[in-house]
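Presented below is the structure to which this report refers.
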Amino acid sequence: RGGVLLFVDAARHVSSLHFAALHGHLEAARVLVDLGGKAMALHRSDDGTAAIHLAALKGSRDICMMMLKVGGEAQLRWEGQGQMPWQAAMEKGNVELAKELARMVGIILNVEGTPVASASR
């Protein structure tokens, strides 16, 4: 299944999932991920943002986990920013989400959210 991409800003390639993730709309994100699957979860806007980065910024754990479940990537870097989703979560003080996402890529964070070690895989 190739998936479907629905855009809210076609000129900048901003998908409907980007919008849902940025605003924490879990049910809308669920419908969009059901329609678009992995293609939707991995899609990047013109500035290199994937919806998982926006969900992490918002602190939307459920949206992040749903995107990872369909094939989104915890190590996906935000082009231009160079951030992985855990770093986007930390930027807005979402420490618990940042720790969870960081563990998925083998990084251990201390209580302040600073990397202290790489976990063995």
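Structural remarks
- Yes/no for A39 being of a type in the set (G, A, S), within 17 Å of S16 (Cα to Cα) and open to solvent by less than 10 Å² (accessible area, probe 1.4 Å): no
- Boolean, D62 is touching a residue at least 12 places away in the same chain (Cβ under 8 Å), surrounded by fewer than 20 Cβ atoms within 10 Å (Cβ to Cβ) and under 16 Å from E100 (Cα atoms): yes
- Test: residue in the range 50-65 that is charged (D, E, K, R) and at pLDDT below 90: no
- Among residues of the range 1-41 being in a strand (DSSP E or B) and not acidic (D, E), the one that is modelled with the lowest pLDDT is F7.
- Long-range neighbours under 6 Å by Cβ, at least six apart or interchain, first residue more than 19 Å from H23 (Cα to Cα) within the range 86-108, second of a type in the set (V, I, T): I108/V116
The values are calculated or read from the model by the stated rules, or taken from the named source; none is laboratory data. All values reported here derive from a predicted model rather than from experimental measurement. Because the Cβ atoms are built from the backbone with ideal geometry, glycine has one as well, and the counts that use them run over all protein chains shown. Note: accessible area is taken over every heavy atom of the protein model, side chains too, but ligands, DNA and RNA are not part of it. Shrake-Rupley method; radii C 1.70, N 1.55, O 1.52, S 1.80 Å.
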